[in-house]
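Please treat every number below as a calculation from the coordinates, not as lab data. Being a predicted model, the structure only gives us computed values, none of them experimental. Cβ coordinates were reconstructed from backbone atoms using ideal geometry, including for glycine residues, and neighbour counts include every protein chain displayed.
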Amino acid sequence: MEHVALWVAAFLTLGIISFLYKDNPWYKLCEAIFVGISAGYWFIVLFWDNIVGKFWVGVFPPKELNDVGELVNSVEPDYWLIVGAVLGVLMLMRLIPNIGWISRWPLAFIIGCTSGLYLINYFSSNMMRQVQGTIMPLLGMNYELSTYDIIGNIIIVIGTFTGLIYFYFSKEHKGWFGRAAKVGIWTIMITFGASFGYTVMSRMSLLIGRVDFLFGDWLGLIN
Amino acid sequence: MRVGKSTFLHLCLAFSLSLILILILLTLVSAQEVDSLRSSTDSAYTIPDSGLVLVAPVTSLIAEDYKYDDGEQLKLSWVPSIDDQLVDSKVLGYRLFRSIDGGTPEILAKLPPGTNSFLDRTVQRERKYQYYLETFSENFVVQSIVTAAISPEREWLNLDRGWLFIIALFISIAIIFFVEKAKRGHKLYVRKIAGLEAIDEAVGRATEMGRPVLFIPGINDMDDVQTLAALTILGRVSRTIADYDSQIFMPVSRSLVMTAARETIKTSYMAAGRPDAYSDDMVNYVTDEQFGYVAAVDGLMVRERPATVFLLGAFFAESLILAETGNSVGAIQIAGTARPAQLPFFIAACDFTLIGEELFAASAYLSGEPRQLGSLKGQDVGKGLAMSVIILGVLAVTIATAWDVEIMHNVHNWLLGVFSSN
Amino acid sequence: MSTRAKELLVVGIVLLFCIIAYLGKVYGWVDTVVFSPMVSMIVVGIIILGLVFVLIRTLQGRLINRQVVFLFVGIAVIMPFFMSITQKIRTSPEVQQLYDAVAELPKGSKVLVSFDYDPPSAPELQPMAEAFLYYCLSNDLKVIIMGLWPQGAQQANLALEAIMKNEKLAAKGLEYGKDYVNLGYQAGNEFVIQRMGADFSSMFRTDYSGRHYEELELVKNVKNFSNIDYSFNLSAGYPGTQEWVQVAVDRYGLKMGCGNTAVQAPMMYTYLNAGQLVGLLGGMNGAAEFEQLVKYPGKGTKFMLSQSFAHMIVIAFIIIGNVAFFRSGRGKKL
């Protein structure tokens, strides 16, 4: 069985890689298998983890009995989950055109909850803490950090400040403001360059992982 | 009622000041509660036998409720034994004992020398707890006083996050103010955005070449604000297409987006006076599956060879695949997303890219919709605040470290305190 | 010979090679292949010559097909697996910071490890997971595993299985439920983190294998994040490190480090600089550096040579691409 599994995995890997040469039936077959399996897999995962694992087990917790039939472990049912389930059913009303508008209620609930949570999370982590992190000394005789650190601090402060200027929409980018915005966009572009480099590294890692499988696990040519 | 700028500022100031006042009052009240829990007397000193390594007990042992939690922690603090020294310390450590509801004391923790506080995280609101500490040397143990019985309390408000609340409130008020202002017909200025000017040009090119325009609104649903921004821009694009009598096709990966996009394009064609030219086939649903959708769109691009491709909305790993295919068929590409990880690919492979918030600004600029314009201006107030604080903070800390100016140290510490209130 | 016939011939040859190699592995005819340093250098030389040839053609105005770029990248990734060249790996400050944070934890400290990734990201994150778990368990730290991605808990089991083969760990006689525990996957993204801030057991009634939370000695007294001494998040996207920072770190004061795919890593430096993260492993490079620090050379270290070669090829083609761009006159428009 292990041999079959290895050959199937290798067949699919090579099929997907064959797209690099050109689009071909082998690739299309592998892609269709991938799409079909992933859709089925997610359906099963969501069903067992959410509907069964969370809702059913939560509302009807299984009772555990010992060898003589005594209850050894009882968990209190969580009836609040029924509220969620009802909202979930209302979401499906979208499928019936006449009462499709009802699906907006659970949607409003979701949007309201996530907005509230995100507002605080993002505001606190991505604004307050970042402003705090940018308050750093640029020079100073008593300053104990190295020149390297001071240069780093200057880059962070100028980069953050000019980056904010670039995304300031209430003033036209002219004069000193325009020049500062230009520094901002250059900083952003350099960041994107670094990000691009990291992405190349990530994609190469995936390829390396597959090569390791093909030449190691499958063909056994490498350690 | 018209709200002037100065009235608005006064209102903000008054509100902020009253909040600060409430914060101070609440802090004073809680400080009094702590004082009442403080145990005043220290324990008696044990008379030693000869040959023993004598150590003094810890003093001022206090057990207090840990502020602003769900009632699940108690905080202990004390002054270490005077024999607890960094060098040649007689004290080998401390043993913390706890009794629950007046029961037999049990050891809770062994603590190393030099410790002067402990956070008991294993307490319950319904129980009362008492603590004492044993200081021990090689052959001698001395006990501190026992604290008064205390239960942890649950606080409804986390006043440690007061400043977070005040600043969020300030920006929210600014957003509401500008939204209201825009609703009352005031013209709010938003600077021009480079990529937008290219829209007409790009659609014109497609018309000249007799090839269609492809519009992809990302792969997220209508609950993503990026999709909403993309559909607002679609309104403008489809209006130009209707005017130029060009063609548009729009494969989508979400059913709700399909319905909304059809409505948007239909409205544009009606506004252009050509409702007959509109067809539901312009927008079609493909699949929710990310790479299944990408494969279909790629195939469509290769077969139809659009002259112009719009990639606006929320994109993930498919961004480069789509942008690269569009590039390979020679299309002019206008892209925009607020996902930082995908922007480098769009910048590399597309002709114009709306970076991050520019996507929302473009949407507000094109629609002129009060809520979008108002929130954009309100966010600018937030950015202005952040920039001011950065300048003030950096100046303060630089001057403070360079010339050791006391007031600047205070300003720096105060700013750090305000912005660390998470 | 038609193109189709040529293509079929190439596929046939490759298939034949694979069948022979596979049978060789199964019946023990073929051992692993390792190039001597001399042969390795010759291979490197041939790759460089190939690149120079492409550059000259580009300067002459003859552009190459994209398939040629893929071929070069493929060779650069495959060949180092057979080479006997070693590469020196330097530790970056963020990796050192993570190592120091874990190293200074007293024995018996509780470490929460969240596996927020699935098999597609395993080449980058699995080596990090193995090295981190190995270091924690070999230093008597107690490990609590969980996952916000459905396959995360399975990836954790694979990592545990791999490290338990190590003699040092095997000799320690580690016990499930006492030294480490896998709480499994929980759906709900950042809302799970939010609820864990109040009560772990409300989110994980049972562990991965169905044992009740209260029956697990390691976690029965763990109520929320205040009982965790350090946390490590392995993340490949949403939900991941960003959500952990926003909820667990900023709200509940959890001390946390992370291991991210290279795509995500640049965004995490913002949190690292602001002190919200204590240590960061970025991509395969980060994994290799951490493996060196904890003296557990695994796949991260093994893959680094291929990674470096591939990067060299990408840099070379960026240069060649720019040469072609400016030579075509399009650069004048800039």
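Volume per residue, Å³, of the convex hull around the alpha-carbon atoms of the range B:41-143?
Each residue corresponds to 106 Å³ of Cα convex hull volume.
Report Rg/Rh for chain B, rounded to two decimals, where Rg is the Cα radius of gyration and Rh the Kirkwood radius.
Reported Rg/Rh, Kirkwood definition of Rh: 1.20.
Starting from the Cα of residue B:183, draw a straight line to each of the aspartates and glutamates and keep only those under 20 Å, dropping any in the same chain fewer than 8 residues away.
Of all the aspartates and glutamates, those that pass the test against residue B:183 - Cα under 20 Å, at least 8 places apart if same chain - are B:369, B:380.
Specify, per residue and in Å³, the volume enclosed by the convex hull of the alpha carbon atoms belonging to the range B:247-332.
96 Å³
Taking a cut-off of 24 Å, what percent of all Cα-Cα pairs in the range C:1-139 are separated by more than that?
63 percent
Specify the inter-centroid distance of the range C:210-248 and the range B:329-353, based on alpha-carbon positions, in whole Å.
Spelled out, the Cα-based centre of one part sits 37 Å from the other.
Identify which of B:392, B:322, B:373 has the largest mean-square fluctuation in a Gaussian network model of chain B, with springs joining Cα atoms closer than 10 Å.
Among B:392, B:322, B:373, the largest GNM mean-square fluctuation belongs to B:392.
Given the range A:180-223 reduced to its alpha-carbon atoms as identical point scatterers, what log10 I(q)/I(0) does the Debye formula return at q = 0.14, 0.21, 0.31 Å⁻¹?
Log10 I(q)/I(0), no solvent term: -0.51, -0.70, -0.93.
Work the Kirkwood hydrodynamic radius out for the range B:329-380: mean of 1/r over every pair of different alpha-carbon atoms, inverted, in Å.
Answer for the range B:329-380: a Kirkwood hydrodynamic radius of 11.9 Å.
In whole Å, what three semi-axes, largest first, describe the equivalent ellipsoid of chain C built from its Cα gyration tensor (square root of 5 times each eigenvalue)?
For chain C, the ellipsoid semi-axes come out as 43, 25, 19 Å.
Return the single residue from B:379, B:130, B:333 with maximal mean-square fluctuation; model: Gaussian network over chain B, springs between Cα atoms under 10 Å.
B:130
Sorted from fewest to most neighbouring beta carbons within 10 Å, what does the list C:205, B:125 look like?
B:125, C:205
When the C-alpha atoms of the range A:138-223 are aligned to their principal axes, what extent does each axis show, in angstrom, from largest down?
64, 40, 14
Using helices alone, I'd like the mean residue ellipticity at 222 nm for the protein assembly as shown: each DSSP H run of four-plus residues gives -39500 (n - 2.57), total over residue count, nearest 500.
Value at 222 nm, helices only, nearest 500: -17000 deg cm²/dmol.
Suppose we keep just the DSSP beta bridges with both residues in the protein assembly as shown; what percent of those would be antiparallel, to 5?
If I count the DSSP bridges inside the protein assembly as shown, around 40 percent turn out antiparallel.
Taking every Cα atom in the range B:155-293, find the radius of gyration and the maximum pairwise distance Dmax, and write them in Å.
20.0, 68
Using the Cα atoms of the protein assembly as shown to build a convex hull, what is its mean projected area in square nanometres?
Averaged projected hull area, Cα only: 52.2 nm².
Looking at the range B:41-143 only, what percent of DSSP beta bridges run antiparallel? Nearest 5 please.
100 percent
List the trypsin sites (Lys or Arg not before Pro) within the range A:1-102 that fall in a DSSP loop (any state other than H, G, I, E or B) and whose Cβ has at most 13 other Cβ atoms within 10 Å.
Sparse-neighbourhood loop trypsin sites (Lys or Arg not before Pro): A:22, A:63.
Among B:412, A:3, C:212, what is the fewest-to-most ranking by other Cβ atoms within 10 Å?
Least crowded to most crowded, the residues run A:3, C:212, B:412.
Only bridges whose two residues both fall in chain C count here: according to DSSP, what percent of them are antiparallel, nearest 5? List each step's numbers first, then the result.
On the way: 1 of 25 bridges.
In chain C, DSSP labels about 5 percent of beta bridges as antiparallel.
Report the Stokes-Einstein translational diffusion coefficient (µm² s⁻¹, integer) for chain A, Rh taken as the Kirkwood radius over Cα pairs, at 10 °C with viscosity 1.306 mPa s.
Stokes-Einstein gives a translational diffusion coefficient of 63 µm²/s.
Listing A:109, B:97, C:225 from the residue with the fewest other Cβ atoms within 10 Å to the one with the most, what is the order?
Sorted ascending by nearby Cβ count, the order is A:109, B:97, C:225.
Partner chain Cβ atoms within 10 Å, averaged over the residues of B:116-122 - can you pull that number for me?
2
Hey, how many Å between the Cα centroid of the range B:225-291 and the Cα centroid of the range B:362-422?
40 Å
Limiting things to C-alpha atoms, what are the Rg and the maximum Cα-Cα separation (Dmax) for the range A:15-56, in angstroms?
Considering the range A:15-56 through its Cα atoms, Rg and Dmax are 15.7, 49 Å.
Based on a Kirkwood Rh over C-alpha pairs, give the Stokes-Einstein translational diffusion coefficient of the range B:194-368 at 10 °C and viscosity 1.306 mPa s in µm²/s.
Estimated via Stokes-Einstein, D reaches 102 µm²/s.
Picking from B:388, B:89, B:246, which is most flexible by a Gaussian network model of chain B using Cα springs under 10 Å?
Maximum among the listed residues: B:89.
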